[in-house]
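K.L.:
This is the structure I have questions about; it appears just below.
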Amino acid sequence: MKYKIFIFFLLLTFSFSLPLHAQIPELEVVEDTMGITRQLSEYLESDKNYIISFWATWCAPCKREYDAWKEYASEWAENHQVEILAVSIDIESSIDRGMEIWATKEWKGQLLFADQNSAQTAFDFALIPQYFLYDTERNIVYEGSGYATGDAEALDDFIHRQFPVVSTQQVEDIPLRYTFYQDAESIHINWEQESGDKLKNLALYNLLGQQEFGATPENGTGSYTISKNALVKGQIYALQITQQNGATSSQLLRIE
């Protein structure tokens, strides 16, 4: 099992708002120098959350933001279904330059280009970097303007809280599906097994392989609460489900 440590710094310098039902505006975009125009909505999948970010090749804070996001973007996509659509607004002069920078930096997400005035009018912003985080209902749940040290970590923390990990493993045709979320005092785990009675136990291990919590769920749906009193804030733990045949399904979680 591969463990990845995420550095957590929660700063209060991040601006955000929570308007209801702020549907994603239509915007004409292109992918490359071929100039084929598409609607931004054509890049959206119904079961994904999206960060729609606006930047330009001449914007130094934009580049620092994408550098910072690079550490988290793969985990956001894999565990929280959060994808990045990065829209450059210097389409008139810098498509080639934008593509070059994106490839060289190996930034994550879908690179697109749009007219500056059209983008600013549609999404109602003035300065860059600017981004909006939309859930699957296409509500804005978080947004950021400008970039300061710690902003990426704050966004990562919000994503972990807003979009809990959903892990589905298929082991010998018995699907195991579980979700978990955290509050200030506890970790809450919800577990489902669609068929069979082969689940042996559910456990939480620290990075030394020591078990911190264990339970034997009953058949069907179960709910479990683990107190954080004995756990270390910021530490990574492994949540593991073991079947009677020894097969396991594991997921990492960070104590917040």
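The values are calculated or read from the model by the stated rules, or taken from the named source; none is laboratory data. Fair warning: this is a prediction, and the values are worked out from it, not measured in the lab. When we count neighbours, we look across all protein chains shown, and the Cβ atoms used for this are built from the backbone with ideal geometry, even at glycine.
K.L.:
For segment 221-256, name all the residues that are surrounded by 14 or more Cβ atoms within 10 Å (Cβ to Cβ), of a type in the set (Val, Ile, Thr) and modelled with pLDDT under 75.
P.N.:
ILE241, THR242, THR248
K.L.:
I'd like to know if segment 109-122 contains one or more residues that are without any contact (Cβ under 8 Å) to a residue 24 or more places away in the chain, over 20 Å from VAL30 (Cα atoms), assigned by TED's automatic domain parsing to the domain that holds ASP157 and not in a loop (DSSP other than H, G, I, E, B).
P.N.:
Within segment 109-122 (the criterion being without any contact (Cβ under 8 Å) to a residue 24 or more places away in the chain, over 20 Å from VAL30 (Cα atoms), assigned by TED's automatic domain parsing to the domain that holds ASP157 and not in a loop (DSSP other than H, G, I, E, B)), the answer is no, since none of the residues qualifies.
K.L.:
Oh, and also: Going through ASP124, ASP32, ASP67, ASP47 one at a time, which residue ends up being at positive phi and acidic (Asp, Glu)?
P.N.:
ASP124
K.L.:
Test each condition in (1) in the same structural domain as TYR237 (by TED's automatic domain parsing); (2) at pLDDT 75 or above for ARG177 and report the one that comes out false.
P.N.:
(2)
K.L.:
Here is a list of conditions, (1) out of contact with any Ser or Thr (no Cβ under 8 Å at 6 or more places or on another chain); (2) within 28 Å of ASP47 (Cα to Cα); (3) surrounded by 15 or more Cβ atoms within 10 Å (Cβ to Cβ), and ASP124 meets all of them except one; can you say which number that is?
P.N.:
Result: ASP124 fails condition (3) only.
K.L.:
Right, here's the next one. Could you list, in sequence order, all residues of segment 104-155 that are over 23 Å from the mean Cα position of the chain (by Cα) and charged (D, E, K, R)?
P.N.:
Scanning segment 104-155 gives ASP115, ASP124.
K.L.:
Among the listed residues ALA203, ALA154, ALA215, which satisfies the condition of being more than 21 Å from TRP76 (Cβ to Cβ) and at pLDDT 80 or above?
P.N.:
ALA203
K.L.:
Pairs only if they're at least six apart or on different chains, beta carbon under 7 angstrom, first in segment 132-152 and farther than 21 Å from GLN120 by Cα, second acidic (Asp, Glu) and assigned to a loop (DSSP other than H, G, I, E, B); list them, first residue then second.
P.N.:
Pairs found: THR136/ASP47.
K.L.:
For segment 37-82, which positions are more than 17 Å from the chain's Cα centre (by Cα) and assigned to a loop (DSSP other than H, G, I, E, B)?
P.N.:
THR37, ALA56, THR57, TRP58, CYS59
K.L.:
Right, next: Looking only at segment 54-80, which residues are closer than 28 Å to LEU252 by Cα and either of a type in the set (Ser, Thr, Tyr) or not assigned by TED's automatic domain parsing to the domain that holds ASP124 (or both)?
P.N.:
Residues satisfying the conditions are TYR66, TYR72, SER74.
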